[in-house]
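Asks: Just dropping this structure here.
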């Protein structure tokens, strides 16, 4: 069966078996960042820099922390208002 310059079989009607040329497998933005084009990105590390991506665990823990702080502030405000 004949193949093209990328090793794909010509005349193969099934598209699920043909592969493109090997390469990086993802695109870059103009800034040099990865562009996953609305695909799922898994196994993110915890963020280390201010503009790093955030995984769900880090987001959940941070939100819980803020909610606890908010409750403390609301209790303090309630006590202050009772004394006024």
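Asks: Using the basic label-point model (7 angstrom from Cα toward the beta carbon), what is the residue 37 to residue 69 distance in nanometres?
Replies: Distance between the two pseudo-spin positions: 4.0 nm.
Asks: Could I ask something else about it? Which FRET efficiency value, to the nearest 0.05, is calculated for residue 79 and residue 54 with the Förster distance at 22 angstrom and r the Cβ-Cβ distance?
Replies: So the FRET efficiency works out to roughly 0.05.
Since every read-out is calculated from the coordinates, none of them should be taken as a lab result. This one's a predicted model, so the numbers in the text were calculated from it and none came from an experiment. With ideal geometry, Cβ positions are generated from the backbone for all residues, glycine too; neighbour counts draw on all protein chains shown.
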